[in-house]
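Report on one structure; see the data block that follows.
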Amino acid sequence: MITSQFANQFAQEWLHSWNSHNLDLILSHYADDFEMISPYIATITGDPSGTLRGKKAVGQYWGAALAKYPGPCFDLRQVLVGVQSAVIYYQGISGMAAETFEVNQEGKVIKSIAHCE
């Protein structure tokens, strides 16, 4: 079970990495074979599953997003704690968003599911 302390620290570090636009720092939070599910993936890639797998595929997708939006993007609103996951609720570029992060024993994200306005 993850702790509230872990979830809040993860959220702060995750938001800092995004707002610094450092792709390597962003990807450092994730396992090599993690899965990302997002309505933006479906919209941008045309894949109705909205799913990408692995750091290479997601890194390319996020690299393009970072280039498109060069300023700070996210403002933390709330962190919720689960057993092996946390939800970060934040103000994003296009409105409010909530993202669920399932983590492994090493504290690396193995699955992320984004929810957007």
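The values are calculated or read from the model by the stated rules, or taken from the named source; none is laboratory data. This is a predicted model, so every value here is computed, not measured. Note that each Cβ is placed from the backbone with ideal geometry, even for glycine, and that neighbours are counted across all protein chains shown.
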* Structure fact -> The number of residues in region 1-48 that are charged (D, E, K, R) and either under 12 Å from Phe101 (Cβ atoms) or assigned to a helix (DSSP H, G or I) (or both) is 3
* Residues (modelled with pLDDT of 95 or more and basic (Lys, Arg)) located in region 58-117 -> Arg77, Lys108, Lys111
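A quick yes/no check of all residues on (1) in contact (Cβ under 8 Å) with a residue 24 or more places away in the chain; (2) under 12 Å from Phe10 (Cα atoms); (3) part of a loop (DSSP other than H, G, I, E, B):
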position	(1), (2), (3)
Pro70	yes, no, yes
Val79	yes, yes, no
Val83	yes, no, yes
Ala86	yes, yes, no
Gly107	yes, yes, yes
Ile110	yes, no, no
* Structure fact -> Of those in region 49-62 that are part of a loop (DSSP other than H, G, I, E, B) and in contact with a strand residue (DSSP E or B) (Cβ under 6 Å, 6 or more places away or on another chain), the residue nearest to Gln105 (Cα to Cα) is Gly54
* Taking only region 57-94 into account, find how many residues are of a type in the set (A, V, I, L, M) and over 20 Å from Ile2 (Cα atoms). => 7
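Can you pull out the residues in region 88-101 that are assigned to a strand (DSSP E or B), within 14 Å of the chain's Cα centre (by Cα) and surrounded by fewer than 17 Cβ atoms within 10 Å (Cβ to Cβ)? Explain how you work it out, then say what you get.
Residues of region 88-101 that are assigned to a strand (DSSP E or B), as a first pass: 88-92, 95-101.
Next, from what is left, pick out any that are within 14 Å of the chain's Cα centre (by Cα): 88-92, 96-101.
Listed by number, the residues that qualify are Tyr89, Gln91, Met96.
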* Structure fact -> Within region 102-117, residues farther than 21 Å from Ala42 by Cα and either surrounded by 14 or more Cβ atoms within 10 Å (Cβ to Cβ) or among the basic types (Lys, Arg) (or both) come out as Val103, Lys108
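Would region 43-56 turn up any residue that is of a type in the set (A, V, I, L, M), more than 17 Å from Cys116 (Cβ to Cβ) and without any contact (Cβ under 8 Å) to a residue 24 or more places away in the chain? If you could, list the steps in order and put the result at the bottom.
The initial filter retains those residues of region 43-56 that are of a type in the set (A, V, I, L, M), namely 44, 52.
From what's left, more than 17 Å from Cys116 (Cβ to Cβ): none.
No: region 43-56 contains no residue that is of a type in the set (A, V, I, L, M), more than 17 Å from Cys116 (Cβ to Cβ) and without any contact (Cβ under 8 Å) to a residue 24 or more places away in the chain.
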